[in-house]
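The values are calculated or read from the model by the stated rules, or taken from the named source; none is laboratory data. This one's a predicted model, so the numbers in the text were calculated from it and none came from an experiment. Positions of Cβ are backbone-derived with ideal geometry, glycine not excepted, and every protein chain shown enters the neighbour counts. Each accessible area value is taken on the protein alone, full model and side chains, heavy atoms only, with ligands, DNA and RNA left out. Shrake-Rupley method; radii C 1.70, N 1.55, O 1.52, S 1.80 Å.
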Amino acid sequence: MATMAQLRYAQVSPSTIANANPLEGRKSGFTNGGFVDFKGKFSAVPLFAKTLCYRGDGRGQKLSRLRCALAEPKTKVEKKTILHELYEQQGQSPWYDNLRRPVSDLKPLIESGVRGITSNPTIFEKAIISSDAYDDQFRQLINEGKGVEDTYWELVIKDIQDACELFEPIYDATGGADGYVSVEVSPRLALETEGTVEAAKWLHKRVNRRNVYIKIPATAECIPSIKQVISLGISVNVTLIFSLPRYEAVIDAYMEGLESFKGDDLSKVTSVASFFVSRVDTLVDKKLEKIGTDDALALRGKAATAQAVLAYELYQEKFSGPRWEALEKRGARKQRVLWASTSVKNPAYPDTLYVNPLIGPESVTTMPDLALQAFMDHGKVSRTIDANFEEAKNVYNAIEKIGIDWAEVGSLLELEGVESFKKSFDSLLVSLDGKADLLKRTNS
């Protein structure tokens, strides 16, 4: 009896092909998306291909698509992963914190259970500089007379639109609760209220996809921007949240925006609040090590998750009671908390430190490559986020008692985050400017 390995391919003759019924418009089932050129000879065909695509024999035969009857399985069994379990069992949406071309590379991740995408200027800097996948579009735009910054946005918007299309089925299946792709306004506007509002309106209109989130930083200057943009019916991912007081201000801005919304159906406006995690430990650990006492050193690696747990408690408090209930009657959706910066910066810590302890319903965790790989390999799915609020409060208070000012931590991290994104944005524009100059000299 043939083994499964031997049965992976079947020999198909030209006569078999000639007698088959063509199915026009069907997509190839080959994993590599290629065609098989028979040219009058026997050729190997994957048994599990849904559709067999073949070229003519060179004598004018047209390209046809046909079903390989003996190869197509009757049913497709979708393999569940830990990401599916995370969403289905605990109500937490796993997102991917990365985006680059080819965007089609996201398909296996979506099949594995990824339900959304986050991006930022640093991600696009790495993607565009390290890849030649953007060169053709860049060359075309520069030759058309586009400026470098306009060209940057065209490159970014193309990726965002393509990603939105891939995640649109999730958006539709969840009634607009999931399947979002996030794109950030220019980091140069992080301290400009009106400039951020105008940029958000332009970017939302330019992307023109139902499942796009416009990212706005949670700086003091942009808190009013969040309210205004939400009131216009534009869905927002509020980013760079590093402290509990600023998080509460973000929630209030979201609610005020909903209350000012002129439409009848608030369900069309959604939001997530991106609360950054690992960077908190990076800064607080340095302060604890500088203090150097046994009590201080014992608190290393605990600040970030403790503050995140208290943020979730705040989320539960704010999205309950009369004010929220009045908005909910108008169709409003809760602004889910999103755990960002989930990669471990200290190699001495477990690589799932900022994922496993922060699992809970009505939340999102966005993971870059290493964090995603680690969680898929050995993560644990259980509700942990609200398992012990008291312990989190004790850690939070102990850190403050030992001499670390949480307000200062939040301010420093916010400034660092804004500057980091701005640096990436400016650096990329400089690189693109040099590339454009070279292209112009080559063409002249």
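Remarks
- Shape of segment 283-440, Cα gyration tensor, a/c cut at 1.5: oblate
- Kirkwood Rh, Cα atoms: Rg over Rh of segment 173-277: 0.93
- Sites residue 191 and residue 433 - FRET efficiency at Förster radius 30 Å, r taken between beta-carbons, to 0.05: 0.80
- Pairs of Lys residues in segment 223-332 are counted when their Cα atoms are under 20 angstrom apart and they lie 8 or more places apart or on different chains; the count is 10.
- On a per residue basis, segment 277-404 carries 46 Å² of accessible surface, using protein heavy atoms and a 1.4 Å probe.
- Label-to-label distance, residue 313 versus residue 89, with points set 7 angstrom from Cα along the beta-carbon direction: 2.7 nm.
- Amide H to amide H distances under 5 Å link residue 215 with 183, 184, 185, 237, where only residues 5 or more positions off or on other chains count and H is placed in the peptide plane.
- Cleavage-rule hits, GluC sites (Glu not before Pro), segment 140-236, DSSP coil, Cβ neighbours within 10 Å at most 11: 144
- Here the accessible area of segment 70-210 is 48 percent carbon and sulfur, with a 1.4 angstrom probe and all protein chains present.
- Using the Cβ-Cβ distance between residue 143 and residue 205 with R0 set to 22 Å, the FRET efficiency from 1/(1 + (r/R0)^6) comes to roughly 0.30.
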